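Bear in mind these aren't lab numbers, they're just calculated from the coordinates by the rules spelled out. Since the structure is predicted, the reported quantities are computational estimates derived from the model, not experimental observations. Don't worry about glycine lacking a Cβ; one is built from the backbone with ideal geometry, like all the others, and counts go over all protein chains shown.
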Amino acid sequence: MSSRSGYGRTPLATRFLVSYALVYAILIGLMSFVVVQTVEASLIRNLTESLETSAELAEESLPDVDGDFASWADGVFGASGYRTTLIAVDGVVWADSHADPAVMENHADRPEVIEARDGQVGTATRVSASTGFEQLYLALPPEEGLIVRLSVPTREIGEELASIRGSIIAVAIVIGLLGVVVVALLGRRMTRPITELTEQSRALAEGDLSVLPRRSPVSEIDSLGVAISALAHDLGSRVTEAEQASEYLETVLGALPQGTVLIDANERIAYANPSAYELLGSVPEELAALSPFTFQSVVREARDDRVVVNRVSDHGVPVRRLRGVATPFTGDGRILLVVVDVTDNERSAAVRRDFVANASHELKTPVSSIIAASDALRIAVERDDPSALRFADQIQSAANQLDGLVADLLDLSRLERERPELAPIRFDLLVADELERVRELAAERGLELQADLIKVSVDGSHRDLAIAVRNLLDNAIHYTDENGEVYATLAEADGRVSLEVRDTGVGIPTRDIERIFERFYRVDAARSRATGGTGLGLSIVKHVTESHGGQVEVTSELGVGTSFTLFLPVSSS
């Protein structure tokens, strides 16, 4: 419990200590700064006065023009301890106690020299070019064209200041430690009753109603304890009811197949159920990052106009059609976004529309042909025209095409409506029967029909599997030119039976491979109709295969041929 109470919090006693330490550190820092600045200014002022006094004495002892200025400079340095320099008003150095004047630069541009030429006592602080140390310079106004300048290293001031700082720090540490002890004792004494009340309150919040807050001699804390005890008893039942309601709501929303997303007034996503993550892929923390972008517009439009807004958008890979319905809450800026996957519904509706349109078109073609041929046949019969037989053949061909189309439509409707009754079947015998059924047709078209079959059984409907195999063989024969070959191969591996029907025909363009299993889709519509194809054969093959727990694959190359392979589970009997 203590670890939980301390997580992310700072005890009151610690706050007292930290506050004391910060205030003390700031005050000591300010005091130290003021003291050091004051002492430093005093030292510099005293040193400057000392330099000025020594410079005046040195100026009084200047020799005549023909005198020994070098000895004079050394004498002044020996007496005062300050570096002594004699400079002409034009900046030429005549004598220096520490360097050879002959190699020294012209000093006309030195700040203290400039001030001295102006009739003032010039002072400056800088790093000396000859000594390499920071120096305090003082120059007196010129006397008989010569300026007396004295200088002293400022490190002496720094050493004195360092000693003062050390003393201040030592005293500050001692006083600070004493203050810490006093503040710690006072803080602990002040926070002990609050800590006890906190522990007792936490026990009440966790449901232990047998614990009552201890009475405190501090009236404010005692009143707080009594109020907390009353509040705990009053809220206990309410919290229990709220938790149950929240659990029920979470269960209900979690079971919904629709995605449910709650957006608050600050466009933060406050809640999202599991279905929302499945449909959207991910749910961000902010509305601005929600994908698809259309749903952001739906939410904002619903919030601004206070109306229910719904819109459909594409999302994800593979692309799914998602409908987003945004409903505003009454009285605040929250929005409830419900996401529904309408991909299958829209696809089913599109399939139904296309099926009706395509079926009508496919039925209209042979019916129109029959009507036209029958009219021509009637005229030919009236005129005793020998072409009547040709028109009768056209009617029969169109009728056969219509019969095949109706039969395929009935088969496809039955396959979609009914589940096949499965029973063990010798699949190799079924394939052999279908090969014999189309062998005559293959011979008429000048094709070589070959087979490599093994003995194998599957669980399935003999009728449906026969239709699928027959359609594959018919398809291969109709799309293979004369002198071509059609192969049927049976194999078994990894618990699956594979039937490959391969031809050396015209092949299928790559752009059409993904659509060849659609109803009424033809790669070469003219050739398909010329050979009596309905455009439903491969759709039937796919339905039969999938209803038997299998799959169909296709590979093709233009001008080389096509291979269809059915995969079915091996019979469990």
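Details
- In order along segment 179-184, the phi-based Karplus estimate (6.51 cos²θ - 1.76 cosθ + 1.60, θ = phi - 60°) of 3J(HN,Hα) comes to x, 4, 4, 5, 5, 4 Hz; Gly and Pro are listed as x.
- Taking other C-beta atoms within 10 Å as the exposure proxy, GLU115, GLU49 rank GLU49, GLU115 from fewest upward.
- Bridges between two residues of segment 259-339, per DSSP, are antiparallel at a rate of about 100%.
- Sparse-neighbourhood loop sites, GluC sites (Glu not before Pro) in segment 434-517 - DSSP loop, at most 12 other Cβ within 10 angstrom: GLU482, GLU514
- Summary value for segment 61-153: 24 percent relative contact order, contacts being C-alpha pairs under 8 angstrom separated by 6+ residues.
- Residues whose amide H comes within less than 5 Å of that of ALA95, counting only those at least five positions distant or on another chain, are LEU86 (H built at 1.01 Å from N in the peptide plane).
- Pairs of Cα atoms nearer than 8 Å and 6+ residues apart set the relative contact order; for segment 259-339 it is 31 percent.
- Distant-in-sequence amide contacts of GLN551, defined by a placed amide H-H separation under 5 Å and a gap of 5 or more residues or a different chain, comprise PHE567.
- In order along segment 431-447, the phi-based Karplus estimate (6.51 cos²θ - 1.76 cosθ + 1.60, θ = phi - 60°) of 3J(HN,Hα) comes to 5, 4, 4, 5, 5, 5, 5, 9, 5, 5, 4, 5, 5, 4, 8, x, 10 Hz; Gly and Pro are listed as x.
- For segment 61-153, a crude dipole built from +1 on the beta carbon of Lys and Arg and -1 on the beta carbon of Asp and Glu, taken about the Cα centre, is about 360 debye to the nearest 20.
- Exposure proxy ranking for SER539, SER282, based on other Cβ atoms within 10 angstrom of each Cβ and starting from the fewest, stands as SER282, SER539.
- Least to most buried among VAL226, VAL181, VAL93 (fewest other Cβ within 10 Å first): VAL181, VAL226, VAL93
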